[in-house]
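Structure first, then comments.
The values are calculated or read from the model by the stated rules, or taken from the named source; none is laboratory data. Please read all numbers here as calculations on a predicted model, not as lab measurements. A quick note on method: Cβ atoms are made from the backbone with ideal geometry, for glycine too, and the neighbour counts reach across all protein chains shown.
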Amino acid sequence: MKIVTQVKLMPDAVQASVLERPLRTVNDAANWVSQVAFKHGVPREYELRKHTYAELKARGLGAQAAQHVIKKVSDSYTTLRANIRAGNLGKGGSGRRRKAESKPVMFRPQAAQPYDAACPSKSSRASATGYGSASPNGSHSTPGPSPSSQTSSSTRPSAGRESRVPATP
């Protein structure tokens, strides 16, 4: 059974910048994917994945992070289409509707991004959030704790051994 809980993070200035960096990277990637979707007219998830997935991986996003970005963009275009169909942005010639249809959907640098335990980066020096970012020289940033400071444990029982759970500090 999974238990979901909501928590409020109260980071200090250093921790806030560490948490903000991967979020900004992911939202910058979402803006790029949105521009591709708008330019090529492919807001559907499957077609959008064909156009963008390899580049997102090359930019340093892990597989799950790249999928989340593509899904986020696809969902935003679905919402936009639904709002247009429902008349929420005005009739066909209204300024508000023309404005919404004339440019790609954009994401704020600190917009929310889904995260779960299955979001590791492809880098062995993955960030704590699982969204590592590539620098121009090809190395990956490490906004989280170093892998050596994380507790190594197995959550799946092996033959004849009990399962281990990470120790809490």
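Residues in segment 26-69 that are farther than 19 Å from Arg81 by Cβ, free of Cβ contacts under 8 Å to residues at least 40 places away in the same chain and touching a Leu at 6+ places or on another chain (Cβ under 7 Å): Ala66 only. Can you find even one residue in segment 91-106 that is touching a residue at least 12 places away in the same chain (Cβ under 8 Å) and among the small types (Gly, Ala, Ser)? Yes, there is a match, as at least one residue in segment 91-106 is touching a residue at least 12 places away in the same chain (Cβ under 8 Å) and among the small types (Gly, Ala, Ser).
Residues checked against (1) modelled with pLDDT of 95 or more; (2) assigned to a helix (DSSP H, G or I); (3) more than 18 Å from Tyr115 (Cα to Cα); (4) touching a Ser or Thr at 6+ places or on another chain (Cβ under 9 Å):
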position	(1), (2), (3), (4)
Val7	no, no, no, no
Val33	yes, yes, yes, yes
Glu55	yes, yes, yes, no
Ala65	no, yes, no, yes
Ser74	yes, yes, no, no
Leu89	no, no, yes, no
Gly93	no, no, yes, no
Arg98	no, yes, yes, no
Pro104	yes, no, yes, yes
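For segment 35-48, which residues satisfy the criterion of being outside any loop (DSSP other than H, G, I, E, B) and among the charged types (D, E, K, R)? Correct list: Lys39, Glu45, Glu47. Among the residues making up segment 30-72, those that are in contact with a Cys (Cβ under 8 Å, 6 or more places away or on another chain) and closer than 20 Å to Met106 by Cβ are Ala65, His68. Residue count for segment 61-117 under the criterion of being crowded, with 17+ Cβ neighbours inside 10 Å, under 18 Å from the mean Cα position of the chain (by Cα) and among the basic types (Lys, Arg): the result is 1.
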